[in-house]
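Structure record follows, encoded as structure tokens.
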């Protein structure tokens with residue numbers, strides 16, 4: 001059973017460009033969470049999605065950031081017009097229904113130059 | 001606001017000794033706690049969890065203790081090995097399928 005998959009693992013973007021981060025949850029998991037981690041810090045929650053629905057986006061900046069989890073395909077975290085402050089590691093986690101535990105992917109390290 | 005935090009940012013231990021990593025939480029509604037291990041360049045890896053109706057839970061070489069009276073969580077690693085070197089995070093949530101709240105992390109360094 002494959003774990004949570006994320007791609008790309010590393011992404012370099014110039015200021016003003018768009019970044020698209022993908023996450024495929026574990027098989028059978030319908031809940032996806034995105035977290036951001038700055039160097040030497042803990043993970044901060046951004047958004048929680050189920051298939052075709054955003055459940056909680058309280059941790060996501062109101063501007064430039066969006067997320068989706070379509071009926072088919074991976075979950076996408078999209079950052080428009082990236083700025084240097086967006087440089088971080090972005091982790092996706094998934095969980096099955098009515099579960100507490102979350103399983104994390106390897107992360108995407110975004111560098112904005 | 002509610003938060004989860006750790007007392008010690010770094011911990012160095014001799015190989016073979018036991019390690020104890022501590023965590024304080026403030027959300028009294030939390031009923032589920034997890035310890036994650038994160039190695040450099042990798043995602044958090046689940047180690048052990050505990051529900052609020054328990055005080056202690058043991059795994060392979062690891063034990064988690066929960067003291068609800070003082071809102072304190074600890075991770076004990078027996079016979080620490082070089083492969084245990086990593087950053088350890090505690091996290092909490094409640095009601096299932098809710099976002100995790102992470103502490104800042106403790107870096108464990110094992111001295112051979």
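Odds and ends about this structure:
- A quarter of the convex hull surface defined by the alpha-carbon atoms of the protein assembly as shown gives 12.6 nm² as the mean projection.
- Pair residue B:71, residue A:55: separation of 7 Å Cα→Cβ label points (nm): 2.4
- Efficiency of FRET from Cβ geometry, residue B:109 and residue B:52, R₀ 41 Å, rounded to 0.05: 0.85
- Site pair residue A:38 and residue B:18 shows an inter-label distance of 3.7 nm when each label is modelled 7 Å from Cα along Cα→Cβ.
- Each label point was placed 7 Å from the Cα along the Cα-to-Cβ direction; for residue A:109 and residue B:45 their separation is 1.7 nm.
- Relative contact order (%) - chain B, alpha-carbon pairs under 8 angstrom, separation at least six: 38
Computed from the coordinates by the stated procedures, all read-outs in this text should not be read as laboratory data. From a predicted model like this one, the values you see are computed outputs, not experimental measurements. For neighbour counting, all protein chains shown are included, and Cβ atoms are generated from backbone atoms with ideal geometry for every residue, glycine included.
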